[in-house]
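Taking it in order: structure first as structure tokens, then the write-up.
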Amino acid sequence: MSDRPVGSPDERSGFQQKKKVLEAIRRGQEPLWHDPRRGFVFDPTVDEALRSMQEESLRLNTPLSLIIDESHYDQEILRRGLITLVYEVGEMGIDTEMDPMNLVERLGAALSELVSIVLGGNPEPIEDLAGRLGVSPVVLSIIGGSLLQPSMIHMASQCGREYLDAWELTVCPVCGRLPSVAVKSEEEVWRFRCSYCWAEYKMDVFACPHCGSAGAENKEFLLVGESQEFEVASCKECGRYYKIINRARLKEPVPEGLEDLYTEVLDEIAHGRGLTRLDEAAPEG
């Protein structure tokens, strides 16, 4: 895209390296992408399979990732994906002491625990399991998140608009993660776009998704790019921000699933202004 804020992403420092990591993860996920159910034992394409889960999710204000558990997954399919993911992640060199063959064996024995931890969304159990397995928590987080991502994307793609529009929380209704990107167009209301499962769900444009402060006087919108295809929306009260992709102004669509990567220049701009991203941990001090 010729009019990106600071040149083409392909010319920016670190972009190609990050893209290669995502490509390696995608290669590792291939056994899961080749499975019609993406690792589930049920078929999300059948309305009856998801309807009761969505109803319970809305009733409890709980993401679908906390409604399902390890029993909803085909362990054999997950083991196939686990093997390819471990070896692809091992090639990245993040943990130089990592032994892929040993990790595959040990993770295979702890597969149900890993699935449960990823669905739960709490980082502390990952650190504990990583310590017991003798592997970096970063590596284990990448493997665990990548292992379940195809199934979460599959589930999100089958969720009805009624469900996504009825959701009232900031976290993603499918995977429970906080968003960093929103999308808007001339035809539709703004929606959050989950960078993990790709769900697009309703958001309140007039309220800060972090502190809840409302009113135009508490919001600041920074337009970026010659055609103003990107924006940074920040809250004057809490200093949190999220990124906006204006689809109506894009000359070329941002590749699906790469919205966060292709808008990383907005993070640089926002961090330079002392802002904290919506899905980031609060700064210390």
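The values are calculated or read from the model by the stated rules, or taken from the named source; none is laboratory data. Bear in mind the structure is a predicted one, so any value in this text is a computation, not a measurement. Neighbour counts run over all protein chains shown; Cβ positions are idealised from the backbone, glycine included.
Can you say whether Ala248 is in contact (Cβ under 8 Å) with a residue 24 or more places away in the chain, surrounded by fewer than 19 Cβ atoms within 10 Å (Cβ to Cβ) and not in a loop (DSSP other than H, G, I, E, B), as far as the supplied structure shows? Yes; evaluated as a whole, the condition is true for this residue.
One line per residue, one yes/no per condition, for (1) under 16 Å from the mean Cα position of the chain (by Cα); (2) closer than 23 Å to Ile244 by Cβ:
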{"site": "Ile143", "(1), (2)": "yes, no"}
{"site": "Ser146", "(1), (2)": "yes, no"}
{"site": "Glu168", "(1), (2)": "no, yes"}
{"site": "Ala182", "(1), (2)": "yes, yes"}
{"site": "Ala199", "(1), (2)": "yes, yes"}
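If you check Ile117 against the conditions, is it in the same structural domain as Pro36 (by TED's automatic domain parsing), in a helix (DSSP H, G or I) and within 23 Å of Glu256 (Cα to Cα)? When the stated conditions are applied, Ile117 does not pass them. Would the range 46-61 turn up any residue that is among the acidic types (Asp, Glu) and crowded, with 17+ Cβ neighbours inside 10 Å? Scanning the range 46-61 turns up no residue that is among the acidic types (Asp, Glu) and crowded, with 17+ Cβ neighbours inside 10 Å. Scan the range 217-232 for residues that are out of contact with any Leu (no Cβ under 8 Å at 6 or more places or on another chain) and either assigned by TED's automatic domain parsing to the domain that holds Leu22 or without any contact (Cβ under 8 Å) to a residue 60 or more places away in the chain (or both) and the total you get is 8.
Summed over the range 91-101, residues that are touching a residue at least 24 places away in the same chain (Cβ under 8 Å) and in a helix (DSSP H, G or I) total 1. For Ala156, the requirement of being assigned to a strand (DSSP E or B) and at negative phi is not met.
Each row is one residue, and each column tells you yes or no for (1) in a helix (DSSP H, G or I); (2) closer than 20 Å to Gly176 by Cβ; (3) in contact (Cβ under 8 Å) with a residue 24 or more places away in the chain.
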site: Pro44; (1), (2), (3): no, yes, yes
site: Leu50; (1), (2), (3): yes, yes, yes
site: Arg59; (1), (2), (3): yes, yes, no
site: Ser65; (1), (2), (3): yes, yes, yes
site: Leu82; (1), (2), (3): yes, no, yes
